[in-house]
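The values are calculated or read from the model by the stated rules, or taken from the named source; none is laboratory data. Not measured: the values here are computed from a predicted model. Note: ideal-geometry Cβ built from the backbone for every residue, glycine included; neighbour counts use all protein chains shown.
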Amino acid sequence: MPDIHDFLRHVVEADGSDLHVKAGSPPVIRINGHLTPTDYPPLTAADCERAALELMDETLLERFRSVGEVDFAHPEPGLGRFRVNVFHQRGSVGMACRRVLPGSPALESLGLPPAVKGLAEERRGLVLVTGPTSSGKTTTTGAIINHINSTRACHILTIEDPIEILHNDRMAIVNQREIGIDTRDFAAALRAAMRQDPDVIFVGEIRDAETVKAALQAAETGHLVISTLHTTDVTETVNRVIDFFPPHQQKQIRVSLAGSLKGIVSQRLLERADGRGRVPAVEILVMNGRVRDLVLNEDQTHMIHDIVAESGFYGMQTFDQALLGLYRSGLVTLEEARRAATNPHDFQIALQQAGLQAIS
């Protein structure tokens, strides 16, 4: 009977991104965003439990048994690293394993807007990389850290759950801390970071008000803080950060955010027209005086999208502008661009205004 190591090898050989293990079904892998069943026989509950036990040590097993789920990174010899989540579902064990790139990609290789490089070269403030699950946030933040590591003599401190991409020292010194192993939680690690002399702090994910507050304080005191959020566009990102807090605290958070935010990179992955992988569509906000005023004014925050659309000079662009560029260059099909558009009707109008032939 094939085991979990065979399944992980199959993911790599098929150039997949994720493996799903569930009782009653064969292992399923995700390739270019699409779930594809493998030819392996359906797994029993015992098979799934055995697969999970193969990857967990005693500490992880104890945590799994106490809370019902556990996240960790697993290095598979000869194949690379995987981010693993083991959980209970309907009384049996389920598992999702995401393949992590073997190293940090070059920022220029990802097809991101030039403004992303500008944000990576900021010396202080807050930079957020956002998007839904499987939108490439890990790859983008890894490339940003790699760029800083390669170009600046500084101390980079990462706080992750779990550590996914390993960064070796280049021009910078890089210390990577893992939640549950090296520190208790994101907020505690951020508080401790102030005594660890960092120049750049990467917070794997913002999950609660305490972490937001600590990240903003670090950004306000002269550090470059990079983090991620599960939001779909730049306006939702601003609102989500503020909405972590109760109404009586939101005015002060708006002031802090307006003063420390440097930019937001919000992305979605689209299937390439040639079928060779996926390409990012990126909405990007770069902080300026007009955006700062909208963040401060609760009644005008919804206008951020319009400012982004009008501010190409500053390197900003909306999702629909990014999609238009990808379609014009032949990187994605019209159907794929329409599917990903924030507003399909507005996107159709933009196609017509650009003189592109759109088939209804």
### Query
Quick one: would you say D299 is modelled with pLDDT under 90 and charged (D, E, K, R)?
no
### Filtered residues of segment 315-360 (kept if crowded, with 16+ Cβ neighbours inside 10 Å and either among the charged types (D, E, K, R) or in contact with a Cys (Cβ under 7 Å, 6 or more places away or on another chain) (or both))
D320, E336, R338
### Task
With respect to G204, determine if the residue is under 21 Å from the mean Cα position of the chain (by Cα) and over 15 Å from I226 (Cα atoms).
no
### Query
What are the residues in segment 1-24 that are under 20 Å from E69 (Cβ atoms) and either surrounded by 15 or more Cβ atoms within 10 Å (Cβ to Cβ) or outside the structural domain of R81 (by TED's automatic domain parsing) (or both), if any?
I4, F7, L8, D18, L19, H20, V21, K22, A23
### Task
Scan G263, G275 and give me the residue that is over 24 Å from T183 (Cβ atoms), touching a residue at least 40 places away in the same chain (Cβ under 8 Å) and assigned to a loop (DSSP other than H, G, I, E, B).
G275
### Task
Please state which one of R254, R268 is closer than 17 Å to I304 by Cβ and either modelled with pLDDT of 95 or more or in a strand (DSSP E or B) (or both).
R254
### Query
Hey, any hits in segment 60-81 for a residue that's surrounded by 15 or more Cβ atoms within 10 Å (Cβ to Cβ) and more than 27 Å from L166 (Cα to Cα)?
no
### Query
Looking at segment 28-114, what strands (runs of 3 or more DSSP E) fall wholly within it and have at least 1 residues that are modelled with pLDDT of 95 or more and in contact with a His (Cβ under 6 Å, 6 or more places away or on another chain)?
28-31, 80-89, 92-100
#### Entry: Spans of helices (runs of 4 or more DSSP H) in segment 290-348 with at least 3 residues β-branched (V, I, T)
304-309
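Residues are listed down the side, and each one gets a yes or a no for (1) under 20 Å from K117 (Cα atoms); (2) touching a Lys or Arg at 6+ places or on another chain (Cβ under 9 Å); (3) not assigned by TED's automatic domain parsing to the domain that holds I242:
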residue	(1), (2), (3)
R268	yes, no, no
R278	no, yes, no
T301	no, yes, no
H305	no, no, no
Y314	yes, no, no
Q321	yes, no, no
## Note on the structure
Pairing a residue in segment 44-66 that is β-branched (V, I, T) with any residue that is surrounded by 15 or more Cβ atoms within 10 Å (Cβ to Cβ), where Cβ atoms lie under 7 Å and the two sit 6 or more apart in sequence or on different chains, gives T44/A23
### Task
Select, from V203, V234, the only residue that is closer than 28 Å to T151 by Cα, crowded, with 23+ Cβ neighbours inside 10 Å and touching a His at 6+ places or on another chain (Cβ under 9 Å).
V234
### Query
Would a scan of segment 44-53 turn up a residue that is among the β-branched types (V, I, T) and surrounded by 20 or more Cβ atoms within 10 Å (Cβ to Cβ)?
no
#### Entry: Looking only at segment 161-185, and only at residues there that are at pLDDT 95 or above and exposed (fewer than 15 other Cβ atoms within 10 Å of the Cβ), the one that is nearest to R99 (Cα to Cα)
D169
